[in-house]
Ligand code: SF4
């Protein structure tokens with residue numbers, strides 16, 4: 001049995017669903033409920049459904065999702081939001097990932113003359129350096145995959161493995177949404193994965209230098225403000241943009 005036949009057979013046995021209106025539209029398709037389904041099978045489904053038109057977002061904290069996806073589809077396209085404010089360690093992790101997996105790593109740059117957090121505020125800065133470049137890049141894709149997990153924060157606690165990204169008219173896939181921190185750590189250890197060295201210095205969540213300090217979960221992001229998300233993820237419930245008292249993270 002060829003690898004493709006094996007996937008089809010597994011899919012037939014598990015009756016993995018086929019969705020009828022994949023991406024690129026404004027009407028949400030009927031999406032499968034993958035609660036309890038292993039990450040590998042969710043990723044197999046994604047490639048079966050969308051081929052290489054499903055792309056993978058990485059923040060370069062670790063390479064768990066890249067490793068899982070690459071083992072199923074080595075040609076997977078990975079994108080990284082190169083905001084201009086990343087830690088040296090994060091950029092070094094991106095280079096190490098590209099060298100190890102030889103994946104097509106797309107570095108998305110900010111818009112021209114991007115806003116700066118210290119002058120225009122966090123929302124404008126994240127929009128110019130993350131949200132708008134990502135929206136432009138995803139315009140001709142059918143789906144995107146992220147390593148978002150429920151345990152990371154309250155805003156992510158209700159995320160599903162497959163969601164409709166209404167703002168972009170795309171299917172969004174979160175294959176490891178159910179994973180605990182321990183599962184992530186075990187997978188990293190078992191597979192000898194690349195990890196951003198800042199993780200070892202107490203940074204659970206790693207974003208841009210001015211907006212990240214060490215901390216558990218996402219507490220080190222925009223610390224001292226009410227800001228919880230940069231705007232690239234749809235969160236549940238939707239959170240209003242908080243007031244911006246000014247930067248406090250060093
Ligand atoms: S995380 Fe901070 S520095 Fe990075 S894009 Fe957002 S506001 Fe700007």
Practice task
With respect to residue 173, determine if the residue is within 28 Å of residue 99 (Cα to Cα) and either more than 15 Å from the chain's Cα centre (by Cα) or modelled with pLDDT of 95 or more (or both).
Solution key: yes
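Taking helices (runs of 4 or more DSSP H) that fall entirely within segment 45-141, which contain at least 1 residues that are in contact (Cβ under 8 Å) with a residue 24 or more places away in the chain, away from the ligand (no atom under 11 Å from the Cβ) and closer than 25 Å to residue 185 by Cβ?
Helices (runs of 4 or more DSSP H) meeting the threshold: 64-72, 88-101.
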Exercise for the section: Could you check, for segment 107-119, whether at least one of its residues is crowded, with 18+ Cβ neighbours inside 10 Å and out of contact with any helix residue (DSSP H, G or I) (no Cβ under 8 Å at 6 or more places or on another chain)? Expected result: no
Fill in the blank from the handout: Within segment 141-166, residues being more than 22 Å from residue 181 (Cβ to Cβ), touching a helix residue (DSSP H, G or I) at 6+ places or on another chain (Cβ under 8 Å) and surrounded by fewer than 21 Cβ atoms within 10 Å (Cβ to Cβ) number 2
Completion exercise
Going through segment 48-57 in order, the residues found to be over 16 Å from the mean Cα position of the chain (by Cα) and surrounded by 19 or more Cβ atoms within 10 Å (Cβ to Cβ) are 49, 50
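Select from segment 175-219 the residues that are within 15 Å of the ligand (Cβ to nearest atom), without any contact (Cβ under 8 Å) to a residue 60 or more places away in the chain and surrounded by fewer than 20 Cβ atoms within 10 Å (Cβ to Cβ) and list them in ascending order.
Hits for segment 175-219 are 213, 215, 219.
The values are calculated or read from the model by the stated rules, or taken from the named source; none is laboratory data. Predicted model only: the values in this text are computed from it and were never measured. All Cβ positions, even for glycine, are placed from backbone atoms using ideal geometry, and neighbour counts span all protein chains on display.
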